[in-house]
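Report on the following structure.
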Amino acid sequence: MSVYPRIAGRLIRPPQALTEKASGLFALHGKIGQLLPLERVLCAVFGHEPDRVPVTHYLLGAARRLTGISFEDFSRDPEMAAEAYMAANELIGGDVLYNVIDLSVEAADFGQEMVYPPKSTAHPDYRNPLIATPEDYERLEVFDPRKTPRMSMCIELGRILAKKARLRYPVLGFSFGPLGVLAMMRGAQRLFVDCLKHPEKVKTALEVITEVLVDYVRAQCDTGVDAMMLDTLFGSQSGVSRDLWVEMEGVYVRRITDEIRRCGALVTLHNCGTGPYFDLSIEYMDPVLISFACLPDDCRDMAELKEKYGKKTALAGFVPTDSLCIDSPRRIMDIAREQIRALAPGGGFVLAPGCEYPPNADLTNALAVVKAAETYGKYPIQ
Amino acid sequence: MAPAKERLDAIASAVKMGSEEDAVYRCETALSEGISAREILDKGLSQGMHEAGELYERNEYFLPELLLASEAMHAGIQVVTPSLRREVQAEERETVVLGVVEGDVHEIGKNLVGVMLEAEGYRVIDLGYDVPAQRFLEEVKRSGAKVLALSTMMTTTIPAMQATVEMARLLDSQTRIIVGGAPLSSALAGEMGADGYEDNAARVPGLLRSLLG
């Protein structure tokens, strides 16, 4: 049971305009008292200054270490994964919960064989890709994600988290973008070449994947998650060109984000590529928040990023993951302070790593990220 | 008959445009007209790949275009290889042992580095992905490689990369070690003990030139 009521089995959510208005009231409350994480995040997402900068550590696989479960249990058991995620927020801190397991969830349910390494994140068996030849793109079939092992697990994880979070934490559902899902079944290198050599065959598969993902986000929204996060990694300079991204993902992912909004949930986006295409992402997905690891392709520095996009979407980022692996907590806090000073004034900023917290890295730096938000993120920003 | 330069420029253009069929046809034509395989490789195929790399560096090309160019170059290399073997001793070129470290299967970046180095005339021994440290070291020893190039895209396999670098250092201090991949930085590479780091495949030949003198 999520916090949203049901009428005739249908989840009833407040319209986004009402949530936006409420976030203004939270901002007023934040000037005199401490906000709950949900209130804090909503304030930031809708461009208000909360009591302090919201923060997330992106502990995914790393969270399992807090409850002592294996990578495989984390990848397959929604109860265990939910416990790990709750432990991460309770022990480390953090204002957001999410049901992300890994980037192979969707591909696995299309039939891609998986590898579950004992000390690393689950991934496709790239020696045995489901789409071995360009002809195989036409073999993908639509299915019900509620009835397949990994996607149903994530749906269930969202349901558990939404129930546990109540009104305290916002819960984000997650889905890889259509092109990313396809890369997990074909291999990114072959997919990139196929996009140029066999575009129509690739599009046949993207149609099927999109239909499944539309249903997948619908099922996740129905569990009561507050928002969905889509990962459109290839919409960046480390993926494909701007035109090719529009042709091969933009037009498909738009259908998915339309469905998320139709379900009443918020649309957020993650893109940890180099030089992400913020302008195209906003044009095709209109997210309330973009989580990123690198500056957009059309911005030279953080000041330009804030100026150009700060009013169009909230920003979440972007402590470098390599720093989280090797730098001291002091250095992490310094990096975070610099980002808070540049991006947090006026609201619209969530402090976060640029991508998943390295699963086997020392967790001290996750604490440093949270501590930085608490120390340097109090509004008004000094 | 067209002048040799025109033929070689057309080969370079076919590679740059990623046209496999055109590259093959033009290489066959050039060979039949008596242009040496070495010239076709250096001034045609490699030049085309070099130009594609420049476009990639300027963000005018992206991974798909670069990969297509590399396919065209490889198709052309297949055509000229028999003649090339007669013309060139492999020993003339420096050897690079290349691979993705154990536990990681992401190989686009590694493959592009291999293509860029081949285009510059290096002899590349590509060990593929998920390569144990011992396999790298055996190949460096067997081939007498001057450079060991390691790649990873995951933070979870950074320890495997570090272990490979440390073992290589213990066994042979002469081999230059370069690393690359999304979770790395020059600081992290330095901490590992690598001699060089590059985040762009097109710039790796330049890195090797500076390391090897």
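A short reminder: the numbers here are calculations on the coordinates, not readings from a lab. Treat the numbers as computed from the prediction; the structure is a model and nothing was measured. Glycine also receives a Cβ, built like all others from the backbone with ideal geometry; neighbour counts cover every protein chain displayed.
Observations on the structure shown:
- In sequence order, segment B:115-122 has phi-based couplings of 5, 5, 6, 4, 5, 8, x, 6 Hz under the Karplus curve 6.51 cos²θ - 1.76 cosθ + 1.60, θ = phi - 60°, and Gly or Pro positions carry x.
- One way to sum up the overall shape of segment A:131-182 is the equivalent ellipsoid from its Cα gyration tensor, whose semi-axes run 31, 12, 6 Å, largest first.
- Debye intensity ratio in log₁₀ form over the Cα atoms of segment A:52-180, taken at each q of 0.22 Å⁻¹: -1.31
- Normalised contact order of chain A, rounded percent, pairs of Cα under 8 Å and 6 or more residues apart: 20 percent
- Descending principal axes extents, segment B:1-135, alpha-carbon based, whole Å: 53, 36, 21
- Each of A:Ala366, B:Gly121, A:Ser152 was scored by the projection of its Cα onto the charge dipole of the protein assembly as shown, and the greatest displacement toward the positive side belongs to A:Ala366; charges sit on the C-beta of Lys, Arg, Asp and Glu.
- Per-residue 3J(HN,Hα) values for segment A:253-268, derived from phi via the Karplus relation 6.51 cos²θ - 1.76 cosθ + 1.60 with θ = phi - 60°, read 5, 4, 5, 6, 5, 4, 5, 4, 5, 4, 7, x, 8, 8, 9, 10 Hz in sequence order (x marks Gly and Pro).
- Mean Cα-pair separation over length for segment A:78-175, i.e. relative contact order, pairs under 8 Å, 6 or more apart, %: 40 percent
- As a ratio to 2.2 N^0.38 Å, the alpha-carbon radius of gyration for segment A:239-382 is 1.09.
- Residues whose amide H falls under 5 Å from that of A:Lys378, counting only those 5 or more places apart or on a different chain, are A:Val53, with hydrogens built in the peptide plane.
- DSSP-defined antiparallel bridges as percent of all bridges, segment A:201-310, nearest 5: 10 percent
- Shape box of segment A:6-53 [Cα atoms, principal axes, largest first, Å]: 39, 17, 15
- Residues whose amide H lies under 5 Å from that of A:Ala316, counting only those 5 or more places away or on a different chain, are A:Ile290, A:Ser291, A:Phe292, A:Val350; hydrogens are built 1.01 Å from N in the peptide plane.
- Cysteines having no other Cys beta carbon under 4.7 Å from their own, within chain A: A:Cys43, A:Cys154, A:Cys195, A:Cys294, A:Cys299, A:Cys325
- Here is the P(r) of the protein assembly as shown: all C-alpha pair distances, binned every 10 Å from 0, give 3, 16, 26, 26, 16, 8, 3, 1, 0 in whole percents.
- Considering only A:Leu35, A:Gly235, A:Gly348, and ranking their Cα positions along the charge dipole of the protein assembly as shown that arises from unit charges at the beta-carbon of Lys, Arg, Asp and Glu, the one farthest toward the positive end is A:Leu35.
- Segment B:122-208, relative contact order [Cα under 8 Å, separation at least 6], %: 24 percent
- For B:Ala163 and B:Glu57, a Förster radius of 30 Å and the Cβ-Cβ distance give a FRET efficiency of 0.40, rounded to the nearest 0.05.
- Against chain A, whose longest principal axis is taken from its Cα atoms, helix A:329-343 shows a tilt of about 90°.
- Only Lys, Arg (+1) and Asp, Glu (-1) charged, at Cβ; segment A:15-118 dipole about Cα centre in debye: 520 debye
- Charged-residue dipole, Cβ positions (Lys, Arg, Asp, Glu), segment B:49-142 about Cα centre, Debye nearest 20: 380 debye
- Projected label distance in nm at A:Arg10 and A:Lys31, using a 7 Å step from Cα toward the beta-carbon: 3.9 nm
- The convex hull of the Cα atoms of segment A:231-287, projected and averaged over all directions, covers 3.3 nm².
- Computed from phi, the 3J(HN,Hα) profile of segment B:196-213 under the Karplus parametrisation 6.51, -1.76, 1.60 (θ = phi - 60°) reads x, 9, 9, 9, 9, 4, 5, 9, 5, x, x, 4, 5, 4, 6, 6, 8, x Hz, with x in place of Gly and Pro.
- With semi-axes defined as the square roots of five times the eigenvalues of the C-alpha gyration tensor, the equivalent ellipsoid of segment B:75-213 measures 24, 16, 14 Å, largest first.
- Largest GNM mean-square fluctuation among A:Arg242, A:Arg127, A:Arg65, using chain A with Cα springs under 10 Å: A:Arg127.
- Chain lengthening between A:Asp279 and A:Arg341 when straightened (0.36 nm per residue, less Cα-Cα): 20.0 nm
- In this label model, A:Asp136 and A:Asp362 are separated by 4.3 nm, measuring between points 7 Å along each Cα→Cβ vector.
- With the simple spin-label model, which puts each label point 7 Å out from Cα in the Cβ direction, the B:Glu33 to B:Lys5 separation comes to 1.3 nm.
- Chain A: angle of helix A:149-165 to the longest principal axis, Cα-based, in degrees nearest 10: 20 degrees
- Once divided by 2.2 N^0.38 Å, the Cα radius of gyration of segment A:153-293 becomes 1.04.
- Between B:Met49, B:Met161, B:Met192, the Gaussian network model of chain B with springs among Cα atoms under 10 angstrom shows the greatest mean-square fluctuation at B:Met192.
- Each 5 Å bin from 0 upward holds the following percent of the Cα-Cα pairs of segment A:138-233: 3, 13, 21, 21, 16, 11, 8, 4, 2, 1.
- Computed E for B:Thr81/B:Asp172 - FRET, C-beta separation, R0 30 angstrom, nearest 0.05: 0.50
- Positive dipole terminus of chain A, leading residue within A:Phe174, A:His198, A:Leu315 (C-beta point charges): A:Leu315
- Averaged over peptide A:322-328, the number of partner chain Cβ atoms lying within 10 Å of each residue's Cβ comes to 5.
- Only Lys, Arg (+1) and Asp, Glu (-1) charged, at Cβ; segment A:64-105 dipole about Cα centre in debye: 120 debye
- Each of B:Ser32, A:Ser70, A:Ser152, A:Ser104 was scored by other Cβ atoms within 10 Å of its Cβ. Arranged with the fewest first, they read B:Ser32, A:Ser70, A:Ser152, A:Ser104.
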